[in-house]
1. Given the convex hull of the Cα atoms of the stretch 1-115, what is a quarter of its surface area in nm²?
2. Kindly provide the Kirkwood hydrodynamic radius of the stretch 54-140 in Å, to one decimal, from all pairs of distinct alpha carbon atoms.
3. Find the Cα radius of gyration of the stretch 116-157, compare it with 2.2 N^0.38 Å by division, and give the number to two decimals.
4. Taking the Kirkwood radius as the inverse of the mean 1/r across Cα pairs, report the Rg/Rh of the stretch 85-234.
5. Give me 162, 195, 141 sorted ascending by neighbouring Cβ count inside 10 Å, so fewest comes first.
6. If you average the alpha carbon positions of the stretch 118-151 and of the stretch 36-99, how far apart do those two centres end up, in angstrom?
7. Which value in deg cm²/dmol, rounded to the nearest 500, describes the helix-derived mean residue ellipticity at 222 nm for the chain, given -39,500 (n - 2.57) per DSSP H run of n ≥ 4 and division by the residue count?
8. So how far, in whole Å, is the C-alpha centre of the stretch 162-182 from the one of the stretch 186-255?
C-alpha cells in the first residue's frame, strides 16, 4: 500500500535502537526524510547516511533545543514528531524506589515529550500534514505493580496527548498515542527478569503470568508499532486524533 508519505519530514527520538530504529526504517522505506536523535552515539553511526543524527538526552532542554534546530535545518521543516524516547525505570515497591530513579523515569518517559513538542509545534503549524505520535504503554491504562514510575509516566503521556489534540486541532495538527503491550526485545526481557527476581519466581513463570492476561499470546513486534505510526502520519489518518491506540494482543491487565 502506498501511504503517500514520500518526502514527509520526520523526527524520531531514540531512533537508533529497538522500536525507534524500526520506526526510522519504516519511514525511510516509504520515502520519507528522517532525522533521529539518541543517547547511543555508536548506534547513531549505524543509521543510513541519509538520516540526520544528533546525540541527545531528551531530558535535557538545552540539548533538545540544539537537536530541534539541527533537525529542522536538515529536513527543511517538520511534518511529524515521534516521541519514542523512554526508559524502563526501576522495579520495586514504592517505599523502596529511590527518588532520583523516580525523577529520571518521569523525565525521560514524560517530560521529554513536552520538551520536544513545545519546540516542534511552531514548525508543525507550517505543515499541511502535521502530526505528533507519542509512545505510551498499556501500563498507563491499567497500572503496573512494582513499576509505579513507569506506569505514572505513561498515563501522563495519554493525558498530554489528549490535551494537545484538543489544543492543536484547529491548527490541523493531529496528536495520538501508541500503547504497546508486551513488546519483543531486550527491554521487555529485562523488565520480566526484574519482576521475577522481585517476586522470587522464575522468568518462565513470570512470562507465563504476563501472557495469561493477553488474548493473543504473542509478543508485539517493533514493526507492528511502526506500521501503525506510519498510518497515523499519512493523509489516510487525517481525521485520527486524540486517540490512545492499544497494540497489545487484547491485554486485560498487567501483573
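Every number here is computed from the coordinates shown, using simple stated rules; none is lab data. Keep in mind the model is a prediction, meaning the values are calculated, not measured. So basically every Cβ, Gly included, is an ideal-geometry build from the backbone, and we count neighbours across all protein chains shown.
1. Averaging across all directions leaves 8.0 nm² for the Cα convex hull.
2. 14.2 Å
3. Rg over 2.2 N^0.38 Å, computed on Cα atoms: 1.57.
4. With Rg and the Kirkwood Rh in hand, the quotient comes to 1.01.
5. Least to most surrounded, the residues fall as 162, 141, 195.
6. Rounded to whole Å, the Cα centres lie 13 Å apart.
7. -13500 deg cm²/dmol
8. If you average the Cα positions of each part, the centres end up 20 Å apart.
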